[in-house]
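The values are calculated or read from the model by the stated rules, or taken from the named source; none is laboratory data. Keep in mind that what you see is a predicted model, and the values were worked out from it rather than measured. Cβ atoms come from the backbone with ideal geometry, glycine included; neighbour counts cover every protein chain shown. Heavy atoms of the whole protein, side chains included, go into the accessibility calculation; ligands, DNA and RNA do not. Shrake-Rupley method; radii C 1.70, N 1.55, O 1.52, S 1.80 Å.
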Amino acid sequence: MVIESLGGGAGGEGEVRPVMIEPSPPSIISSSCSAVGNSHAPAPPPPWTPPFTGDDDSDEVNDGEGLELLIPPLNFAMVDNGIFRSGFPDDANFGFLKSLGLRSVIYLCPEPYPEVSKKFLKDNKIELFTFEIDGCKEPFVNIPEEKIRDALRVVLDVTKHPVLIHCKRGKHRTGCLVGCLRRLQRWCLSSIFDEYQRFAAAKARVSDQRFIELFDLSSLRQSSISFSCSRRH
């Protein structure tokens with residue numbers, strides 16, 4: 001605080017009043033320098049690390065506790081007790097397939113089965129049944145009835161259960177086989193076609209549905225479907 005005198009009247013006497021002077025702010029430069037030299041200054045934040053997504057070099061994908069995550073194949077679903085369907089499984093799906101305790105796999109494509117997949121089946125004592133059916137497109141369609149019939153006999157054999165049916169995408173060939181099984185289970189056609197279309201989606205084929213509708217079941221009528229949740233009484 002500074003005392004300031006103000007000149008006044010004739011006697012030379014003036015009014016005296018205090019004047020407040022604000023202290024000057026500390027120097028930014030000196031403050032910064034003292035912060036640099038201060039051993040108690042906070043440490044800089046660590047560099048950002050992206051979260052783990054499973055896309056590393058390992059063959060397995062684990063959860064936060066180190067347990068292997070199970071990855072179902074494309075278009076995987078349960079058809080009935082002991083019967084499953086899907087697209088072509090690859091090595092990322094082997095852990096999931098192992099968890100199903102499969103005894104058999106029905107493969108509906110003409111291409112050779114991959115060696116790595118054959119080894120997985122052999123190591124886990126899973127029997128492979130191959131029915132070479134070409135992936136046909138409309139209007140030139142030729143779905144072999146006898147191969148579908150032979151594949152159905154494997155599906156109906158409970159000693160082969162649990163069994164996985166698959167083709168390439170799990171849509172058309174697999175859909176035809178499952179559709180014929182549904183007819184044997186006495187499903188109505190509208191429900192059979194609804195199920196087929198759920199898997200085929202925009203790729204649904206009228207020719208496949210026509211094949212399912214006209215498929216001759218006479219040689220399979222006496223087959224047991226005691227495994228089925230919709231079995232005949």
Among what's in the stretch 81-133 and is among the basic types (K, R) and touching a residue at least 40 places away in the same chain (Cβ under 8 Å), pick the residue that is surrounded by the most Cβ atoms within 10 Å (Cβ to Cβ). R85
Residue ID - farthest from L156 (Cα to Cα), chosen from residues in the stretch 93-136 that are assigned to a helix (DSSP H, G or I) and among the hydroxyl-bearing types (S, T, Y): S117
Scanning the stretch 150-188 residue by residue, the ones that are more than 23 Å from A204 (Cβ to Cβ) and either open to solvent by less than 40 Å² (accessible area, probe 1.4 Å) or among the polar types (S, T, N, Q) (or both) total 6
Conditions (1) at pLDDT 95 or above; (2) in contact with a helix residue (DSSP H, G or I) (Cβ under 6 Å, 6 or more places away or on another chain): number failed by H161: (2)
Only residues that are farther than 17 Å from F84 by Cα, open to solvent by less than 70 Å² (accessible area, probe 1.4 Å) and not polar (S, T, N, Q): list them for the stretch 189-212, please. L189, F193, A201, A204, R205, D208, F211, I212
Filtering the stretch 64-80 down to residues that are assigned to a loop (DSSP other than H, G, I, E, B) and either open to solvent by less than 80 Å² (accessible area, probe 1.4 Å) or in contact with a Leu (Cβ under 8 Å, 6 or more places away or on another chain) (or both) yields G66, L69, I71, P72, P73, N75, F76
